[in-house]
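Here's the structure we're looking at; comments come further down.
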Amino acid sequence: MSIKPLVKFASKSFTLPDTCVNLRAALDDPKKDLSDIAQLISVDPSLSAKILKLANSALFRFPSQIETVTKALNVIGGEAAYNISIAETANIAFKTFNTPVINFAEYWHKAVMCGVIAKSIAQQKQSRGSERFFVLGILQGLSELIVASKHTESYTKYINDQSFVAPLAKQQRHFGLTFPECSGHIIQEWKLPDSLVLPLQKLLHPASQKMSLEESILYVAMSMVACESIEGELEDMASFNQQALETVGLSDEDYDMILSYSRLETSKIANVINS
């Protein structure tokens with residue numbers, strides 16, 4: 001299966017909302033400050049509401065109530081607000097590519113859980129800009145919807161494959177590509193920043209080189225979601241890249257805590273973005 005036709009289909013079927021484009025431009029403009037960015041966000045009532053709800057959620061764990069977009073920006077920062085706008089955009093895009101072969105509610109829940117786990121791991125590793133991992137965790141599966149709608153027969157065989165195999169290995173086996181790799185090329189076409197594009201494009205099977213911490217966090221998060229779906233364990237997962245786990249380097253207790261948190265918060269966060 002070739003990536004190019006999938007990217008072409010996605011870029012023709014969906015374009016980024018103006019708010020996302022303008023927000024990115026404002027963040028990259030040294031002449032713009034937080035008040036300019038707040039004004040841009042306030043023009044979009046839906047995005048404003050979601051930023052406020054998520055800024056007050058366990059995703060950011062701020063101790064007191066945040067009541068204005070300006071205060072939210074002061075607390076979480078412009079980049080975090082941009083990432084929330086991309087998460088909302090991803091939800092809209094996912095609905096655009098929705099197909100009867102996929103249960104959208106389950107798919108969206110898994111995407112957000114992957115984002116929540118990835119962000120939590122990044123926080124444990126004190127990785128700068130951990131909220132970016134939340135968006136990366138959501139975006140990594142974007143191309144799955146497109147593959148399902150354009151190659152329904154192959155995708156049906158894929159979802160009926162009950163073997164307990166690491167996600168990237170199973171995707172490569174069935175389609176000759178990985179969903180994150182393809183998703184990375186799609187969002188590159190949408191002109192999203194390299195900080196979102198490159199980590200996804202590098203998630204290959206087999207890995208072309210030793211995985212970085214960034215790639216390892218996403219790889220482990222995806223694998224944890226796959227385990228959660230069937231109540232499996234990482235050590236029993238075939239073709240799992242142990243190097244990623246070693247690079248992340250967290251304890252079993254850390255992973256238990258992250259999983260408990262994600263089970264508790266994923267539905268709430270998914271519902272806010274999907275509202």
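The values are calculated or read from the model by the stated rules, or taken from the named source; none is laboratory data. Computed from a predicted model, the values in this text were never measured in an experiment. Reconstructed Cβ throughout: ideal geometry from the backbone, glycine too, with neighbour counts over all protein chains shown. We work out accessible area using only protein heavy atoms, side chains counted, and drop any ligands, DNA or RNA first. Shrake-Rupley method; radii C 1.70, N 1.55, O 1.52, S 1.80 Å.
Before moving on, here are some points about what is shown:
- Candidate set: segment 29-46, residues that are part of a helix (DSSP H, G or I) and either of a type in the set (Gly, Ala, Ser) or touching a residue at least 12 places away in the same chain (Cβ under 8 Å) (or both); chosen: the one surrounded by the fewest Cβ atoms within 10 Å (Cβ to Cβ): SER35
- Those helices (runs of 4 or more DSSP H) lying entirely in segment 136-233 with at least 3 residues hydroxyl-bearing (Ser, Thr, Tyr) and in contact (Cβ under 8 Å) with a residue 40 or more places away in the chain: 152-160, 213-230
- Any chance ILE51 is over 20 Å from ALA87 (Cα atoms), among the β-branched types (Val, Ile, Thr) and buried (at least 16 other Cβ atoms within 10 Å of the Cβ): no
- Checked against (1) open to solvent by less than 10 Å² (accessible area, probe 1.4 Å); (2) within 24 Å of THR19 (Cβ to Cβ), ALA122 passes all but a single condition, namely (2).
- Whichever residue in segment 238-248 is within 22 Å of the chain's Cα centre (by Cα) and touching a residue at least 60 places away in the same chain (Cβ under 8 Å) and, among such residues, is most open to solvent (accessible area, probe 1.4 Å): ASN241
- Screening ALA49, ALA26 for residues that are assigned to a helix (DSSP H, G or I), within 22 Å of TRP190 (Cβ to Cβ) and small (Gly, Ala, Ser) leaves exactly one candidate, ALA26.
- For TRP108: the one exception among (1) aromatic (Phe, Trp, Tyr); (2) over 28 Å from LYS268 (Cα atoms); (3) in contact (Cβ under 8 Å) with a residue 60 or more places away in the chain: (2)
- Just one of the listed residues (VAL165, VAL147, VAL197) is open to solvent by less than 50 Å² (accessible area, probe 1.4 Å), on the phi < 0 side of the Ramachandran plot and within 13 Å of the chain's Cα centre (by Cα), and it is VAL197.
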